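Following: one structure in structure tokens, then a few remarks.
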Amino acid sequence: EPEVTQTPSHQVTQMGQEVILRCVPISNHLYFYWYRQILGQKVEFLVSFYNNEISEKSEIFDDQFSVERPDGSNFTLKIRSTKLEDSAMYFCASDPGSTSYEQYFGPGTRLTVT
Amino acid sequence: QKEVEQNSGPLSVPEGAIASLNCTYSDRGSQSFFWYRQYSGKSPELIMFIYSNGDKEDGRFTAQLNKASQYVSLLIRDSQPSDSATYLCAVNRDSSNTGKLIFGQGTTLQVKP
């Protein structure tokens, strides 16, 4: 069964450093998303991406964040200058493009900013 | 008022019983409703989605939607210890049109052997 994959599974970085989180969505899916979950808190939407552009972003997704689909398979989230409060699980999700928006999540990347 | 509200639990049921998980939402324009299961330290796993009023059954799981009451629930029949997890309710707003999901805090279910 096709799955969303994410790398790395755990990233430790120092405050102020740039990180790139990578995702390979399910093949033939059309919509891609990033969510995050701070430990003990709810899953929060960051950004949705369709047809090679951002379709919606949350207030969390400020100028420090960017997304890219550099080729036909990868989908990346970049944080330019990490802050302590960026420490969280980051989940990539993809959606086949049906009207119901059913999203399938990857295993996540645990980002720890020290 | 929280956009998507769930009782955090824990909800404890004996093995073989029916577990009933509830969720309310504030935006009347919401169109699609999802239940995800999340084991500790893992990612959300889609169990069911529903967008029409009424019941939708899939194996041991039944999702129920009542848009007039802004209420969605998940029933798990013949609960097993492996069902012990946090169950997340998520909602997609009609106005969003981008697939953005708004999640509740989740309800922790404990199924005791």
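The values are calculated or read from the model by the stated rules, or taken from the named source; none is laboratory data. Predicted, not measured: the structure shown is a model, and the values here were computed from it. Note: ideal-geometry Cβ built from the backbone for every residue, glycine included; neighbour counts use all protein chains shown. The protein model used for the area step is the full one, side chains on, heavy atoms only, and it has no ligands, DNA or RNA in it. Shrake-Rupley method; radii C 1.70, N 1.55, O 1.52, S 1.80 Å.
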So, in the range B:49-71, how many residues would count as being away from chain A (no Cβ under 11 Å), open to solvent by 40 Å² or more (accessible area, probe 1.4 Å) and either farther than 18 Å from A:Ser98 by Cβ or not in a strand (DSSP E or B) (or both)? 11
Please determine whether any residue of the range A:82-92 is open to solvent by 10 Å² or more (accessible area, probe 1.4 Å) and under 17 Å from B:Tyr36 (Cβ atoms). yes
Residue identified as open to solvent by less than 30 Å² (accessible area, probe 1.4 Å) and modelled with pLDDT of 95 or more among B:Leu46, B:Leu11, B:Leu74: B:Leu74
Kindly provide the set of residues from the range A:18-73 that are among the polar types (S, T, N, Q), surrounded by 13 or more Cβ atoms within 10 Å (Cβ to Cβ), over 11 Å from the mean Cα position of the chain (by Cα) and more than 14 Å from chain B (Cβ to nearest Cβ), ordered by number. A:Gln64
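Being more than 11 Å from every other protein chain (Cβ to nearest Cβ) and surrounded by 13 or more Cβ atoms within 10 Å (Cβ to Cβ) narrows it down to one of A:Thr114, A:Thr76, so name that one.
Answer to the selection: A:Thr76.
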Of the numbered conditions (1) farther than 23 Å from B:Gly106 by Cα; (2) open to solvent by 80 Å² or more (accessible area, probe 1.4 Å); (3) more than 11 Å from chain B (Cβ to nearest Cβ), A:Glu3 satisfies every one except a single condition; which is it? (3)
